[in-house]
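Accompanying notes for the structure given below.
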Amino acid sequence: MEKRSDIETGAALPSGPTKKETPMRETQVRESYAVETRDLTMLFGKFKALDKLNLRIQRGIIYGLLGPNGAGKTTAIKIACGLLTPTGGQAFVLGTKVPNRSILPQIGYMPQETALYVELSVHQNMELFGELYGMTPKKIAEKEDELLRFVALEKWKHSPVANLSGGMRHRTSLACSMIHEPRILLLDEPTVGVDPELRSAFWQYFTALKQSGVTIIITTHYMDEAQHCDKIGLVRQGRLIADGTPLEITKETKTTNLEDAFLALSRGQETS
Ligand SMILES: Nc1ncnc2c1ncn2[C@@H]1O[C@H](COP(=O)(O)OP(=O)(O)O)[C@@H](O)[C@H]1O
Ligand SMILES: [Mg+2]
């Protein structure tokens with residue numbers, strides 16, 4: 001069983017990405033956004049998973065992409081990671097139009113379905129991810145130890161992933177997504193199936209990461225998680241139906257919680 005008392009969030013914060021800022025050129029005005037999409041559209045056959053989605057996500061914040069299952073959240077994240085090419089519109093990550101290989105080192109991606117090699121150990125998985133990003137063995141070792149402290153998995157370093165609990169696999173996946181010190185983390189439902197205690201610890205990790213300068217974009221269908229986000233975007237049927245701070249959205253809709261706000265906005269769309 002996993003020892004939850006191991007979780008000492010904030011005790012060992014990972015260092016943020018090494019700052020390698022280049023002077024901003026006139027043409028890179030869009031770089032002020034971590035992610036920007038313009039009429040982003042994704043068709044799967046005749047089905048429109050994204051329908052002119054327009055997002056503007058500032059850097060250095062925690063942004064929550066909220067919406068029910070099937071709203072298009074994963075599709076949007078996959079486009080930002082360069083795993084899917086949109087059928088319409090454009091997406092920019094740190095000012096670079098995606099898909100583009102050159103931006104990949106800046107992005108950390110934790111997929112909705114944990115993608116780890118279960119027969120390999122935590123250490124071997126992390127090493128593999130580091131190597132994929134062209135990191136030196138020395139750098140991987142340094143970063144790995146720091147991240148394993150951060151996700152409280154040092155004792156499990158040499159255990160096969162197959163032997164880990166679901167929560168520990170999630171933490172391994174999170175650590176793997178951060179090995180290369182990305183400037184943006186795209187986390188697709190990182191807290192689904194995670195018990196409340198660990199969920200709370202995860203949010204502490206994310207807040208600590210934000211403080212180290214990383215932009216974090218999280219998808220979730222748990223409306224209550226929005227309270228941890230600086231800003232949120234509510235997505236429905238591939239469209240952004242509201243965007244702002246949780247307080248702004250509830251105020252605008254004259255509701256007291258985001259679930260009611262979402263319903264009010266959905267009703268408004270249907271009658272308009
Ligand atoms: N590769 C695909 N082929 C066909 N339909 C897809 C594909 N990927 C996603 N979809 C559909 O697109 C819609 C949006 O999916 P997704 O982005 O996964 O939503 P969410 O992450 O918000 O649950 C869903 O109706 C889903 O079934
Ligand atoms: Mg999804």
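Quick notes on this one:
- Considering the range 173-272, the qualifying strands (runs of 3 or more DSSP E), each wholly inside and each with 3 or more residues that are crowded, with 21+ Cβ neighbours inside 10 Å, run over 184-188, 215-220, 231-236.
- Residue in the range 89-105 that is farther than 20 Å from Ala242 by Cα and within 16 Å of ligand 2 (Cβ to nearest atom) present: no
- Taken together, Lys139, Lys73, Lys97 contain a single residue that is of a type in the set (Lys, Arg) and within 15 Å of ligand 1 (Cβ to nearest atom), which is Lys73.
- Residue, nearest to Ala242 (Cα to Cα), within the range 76-88, restricted to residues that are of a type outside the set (Lys, Arg) and not in a loop (DSSP other than H, G, I, E, B): Ala76
- Among the residues of the range 155-172, the ones that are modelled with pLDDT of 95 or more and either assigned to a helix (DSSP H, G or I) or at positive phi (or both) come to 5 in all.
- Taken over the range 20-75, the criterion of being part of a loop (DSSP other than H, G, I, E, B), at pLDDT 95 or above and either more than 22 Å from Leu258 (Cα to Cα) or more than 16 Å from ligand 2 (Cβ to nearest atom) (or both) is satisfied by Gly45, Lys46, Arg59, Gly60, Ile61.
- Boolean, Tyr117 is crowded, with 20+ Cβ neighbours inside 10 Å, away from ligand 1 (no atom under 12 Å from the Cβ) and among the aromatic types (Phe, Trp, Tyr): no
- Of the set (1) within 14 Å of ligand 1 (Cβ to nearest atom); (2) surrounded by fewer than 24 Cβ atoms within 10 Å (Cβ to Cβ), all apply to Thr37 but (2).
- Within the range 174-199, residues that are closer than 26 Å to Lys139 by Cβ and among the charged types (D, E, K, R) sit with their Cβ atoms under 7 Å from residues that are modelled with pLDDT under 90 and more than 16 Å from ligand 2 (Cβ to nearest atom), at 6+ positions apart or across chains, in these pairs: Glu181/Pro17; Glu181/Thr18; Arg183/Pro17.
- Scan of the range 47-62 for residues that are under 16 Å from Val235 (Cβ atoms) and either of a type outside the set (Phe, Trp, Tyr) or touching a residue at least 40 places away in the same chain (Cβ under 8 Å) (or both), ordered by number: Lys48, Ala49, Leu50, Asp51, Lys52, Leu53, Asn54, Leu55, Arg56, Ile57
- Only a single item in (1) touching a Phe, Trp or Tyr at 6+ places or on another chain (Cβ under 7 Å); (2) more than 16 Å from ligand 1 (Cβ to nearest atom); (3) modelled with pLDDT under 95 is not met by Lys231, and it is number (3).
The values are calculated or read from the model by the stated rules, or taken from the named source; none is laboratory data. This is a predicted model, so every value here is computed, not measured. Glycine also receives a Cβ, built like all others from the backbone with ideal geometry; neighbour counts cover every protein chain displayed.
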